[in-house]
2 protein chains.
Amino acid sequence: MEDPLEFLRNIKSVSVATVNNGTPAVRIADVMLHEDDKLYFLTARGKPYYKQLKENPEIAIVAMDENYVTVRVKGKIEFVDRALLERIFEANPVMNHIYPGDTREILDVFCLPKGIGEVFDLSIVPPKRERFAFGGAEVVESGYRINENCIACGICKGSCPTGAISEGNIYSIDSSICLECGNCYEKCPNDAIDLPAEF
Amino acid sequence: MEDPLEFLRNIKSVSVATVNNGTPAVRIADVMLHEDDKLYFLTARGKPYYKQLKENPEIAIVAMDENYVTVRVKGKIEFVDRALLERIFEANPVMNHIYPGDTREILDVFCLPKGIGEVFDLSIVPPKRERFAFGGAEVVESGYRINENCIACGICKGSCPTGAISEGNIYSIDSSICLECGNCYEKCPNDAIDLPAEF
């Protein structure tokens with residue numbers, strides 16, 4: 001696909017999740033700019049959203065386009081210079097209607113400079129997953145893995161909804177189509193399947 | 001609007017946020033059924049999503065339709081009888097392609113039986129907000145409030161981006177169009193404005 005961060009900017013109204021006193025919170029927020037591999041957002045200092053970001057700057061983003069292609073991103077935000085506001089209002093003219101005149105004073109700018117992400121294409125069967133990273137973060141590979149305990153019994157292969165598992169001396173899983181459903185892991189009689197990395 | 005839970009079922013692919021070891025996680029997930037004022041979802045037992053729900057059953061949901069109407073919901077999920085799977089697959093035939101044959105064994109069903117929510121209509125300026133609750137939860141009212149410290153100086157009125165503030169012996173805020181931006185709160189010289197409730 002195109003750059004997945006540009007995909008998010010093009011969709012513009014994405015879902016941004018935060019943590020609120022240990023519980024999840026999520027709202028639609030606009031990606032205001034995508035520059036130098038960073039995503040920029042606004043929030044008003046009086047919003048619960050702002051308070052949550054100040055207490056815990058980790059965010060998770062997801063958006064899906066009309067073709068059922070989904071992009072997810074996670075990382076830690078940083079508040080940045082409010083001087084960017086003017087450029088953001090130029091690039092997003094609707095903001096002039098929502099915060100007219102001086103009322104934009106209440107807005108702060110933050111950016112996501114670094115993160116891990118995933119493109120998940122549900123337009124095809126089986127869906128295809130691809131992980132990425134930006135800003136110097138390391139890619140977190142997806143999918144269950146078969147380890148050396150494998151006795152090539154073949155039970156896992158029959159349990160996989162997407163046909164991601166191939167035969168071999170030890171069997172292997174195509175991580176790009178692994179749904180991470182865990183059916184192989186539950187069915188394997190020999191503890192030969194390792195859990196996916198946290199994402 | 002129509003029932004906001006039915007709105008979510010109609011959009012179907014909504015954003016569901018959870019907490020993952022203190023950080024936010026969010027993914028697109030389908031609302032599989034809406035029955036008796038409850039929303040039903042699926043997850044596979046091997047997914048990080050499942051693990052997160054088992055550790056912390058609080059979720060937050062958001063979805064926006066093509067008219068920029070957003071519905072948000074929060075609450076605690078409960079895993080329910082897997083016997084519902086059959087009906088869910090009937091109501092969502094695409095599931096037969098994603099989890100063909102017996103591979104559906106790896107799926108569990110959960111529901112959101114109770115929660116608080118918000119309809120936010122961004123198709124109009126100013127956007128309009130309406131809170132609701134279901135399953136016996138109590139509605140959490142939105143918006144900043146002006147208290148008896150108000151000296152009717154009028155500073156808040158000029159600071160409001162949406163014109164939500166009306167004059168009076170003490171001024172008042174129309175919570176349905178309050179953006180919760182907090183500009184009035186920052187500008188008030190007399191501590192006469194109370195924070196919105198947590199949502």
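The values are calculated or read from the model by the stated rules, or taken from the named source; none is laboratory data. Every value quoted in this text rests on a predicted model; they were computed, and no experiment measured them. Reconstructed Cβ throughout: ideal geometry from the backbone, glycine too, with neighbour counts over all protein chains shown. Side chains are part of the model used for accessible areas, which takes the heavy atoms of the whole protein and leaves out ligands, DNA and RNA. Shrake-Rupley method; radii C 1.70, N 1.55, O 1.52, S 1.80 Å.
A 1.4 Å probe run over the protein chains yields, for segment B:145-194, 49 Å² of accessible area per residue, whole-number rounding. In angstrom, the C-alpha Rg and Dmax of chain A are 20.6, 70. Evaluating 6.51 cos²θ - 1.76 cosθ + 1.60 at θ = phi - 60° for every residue in segment B:185-199, the Karplus couplings come out as 4, 5, 8, 4, x, 10, 6, 9, 10, 9, 5, x, 5, 4, 9 Hz, glycine and proline recorded as x. Sorted shortest first, the separations between the residue B:148 label point and its copies elsewhere in the assembly read 7.7 nm; each point sits 7 Å from Cα along the Cα-to-Cβ line. Rounded to the nearest 20 debye, the dipole size of the protein assembly as shown about its Cα centre is 320 debye, using +1 on the Cβ of Lys and Arg and -1 on the Cβ of Asp and Glu. Annotation: amide H-H contacts under 5 Å for residue A:114 (H modelled 1.01 Å from N, sequence separation of 5 or more, or interchain): A:76.
Charge tally around residue A:50: other residues with Cβ under 12 Å, Lys/Arg +1 each, Asp/Glu -1 each, net +1. Think of it this way: in chain A, A:111, A:150, A:153, A:160, A:178, A:181, A:188 stand alone, with no other Cys Cβ under 4.7 Å. Heavy atoms of chains A and B lose about 4200 Å² of accessible surface on contact, summed over both sides with a 1.4 Å probe.
Model label sites at residue B:68 and residue A:140, defined 7 Å from Cα along the beta-carbon direction, differ in position by 3.4 nm. With a cut-off of 12 Å between beta carbons, the residues surrounding residue B:85 carry a summed charge of -3, where Lys and Arg count +1 and Asp and Glu -1.
The GluC sites (Glu not before Pro) of segment A:55-99 meeting both criteria, a DSSP state outside H, G, I, E and B (loop) and at most 13 other C-beta atoms within 10 angstrom of the site's C-beta, are A:66. Heavy-atom surface analysis with a 1.4 Å probe gives chain A a carbon and sulfur content of 47 percent of its accessible area. For segment B:107-122, putting each phi into the Karplus relation 6.51 cos²θ - 1.76 cosθ + 1.60 with θ = phi - 60° gives couplings of 8, 10, 10, 9, 9, 10, x, 7, x, 10, x, 8, 9, 10, 9, 8 Hz, in residue order, rounded to whole numbers and with x for Gly and Pro. Here segment B:145-194 is treated with +1 on each Lys and Arg Cβ and -1 on each Asp and Glu Cβ, and its dipole about the Cα centre works out to around 120 debye. Inter-copy label distances at residue A:114, using a point 7 Å along Cα-to-Cβ, come to 4.3 nm with the shortest given first. Among residues other than residue A:172 with Cβ under 13 Å from its Cβ, the summed charge is -2 (Lys and Arg +1, Asp and Glu -1). A dipole drawn for segment A:145-194 from +1 and -1 charges on Cβ atoms has a positive end, and of A:150, A:173, A:161 the residue lying farthest that way is A:161. About its Cα centre, the dipole of segment A:4-134 is roughly 440 debye, where the only charges are +1 on Lys and Arg Cβ and -1 on Asp and Glu Cβ.
Remark: spin-label model distance residue B:190-residue B:166 equals 1.9 nm, labels positioned 7 Å along the Cα→Cβ axis.
Projecting the Cα atoms of A:64, A:96, B:24 onto the charge dipole of the protein assembly as shown (Cβ charges, centred on the Cα centre) puts B:24 farthest toward the positive pole. Distance from the alpha carbon centroid of segment A:12-42 to that of segment B:1-66 works out to 18 angstrom. Averaging Cα coordinates gives a centre for segment A:127-168 and one for segment B:141-195; these two points are 55 Å apart.
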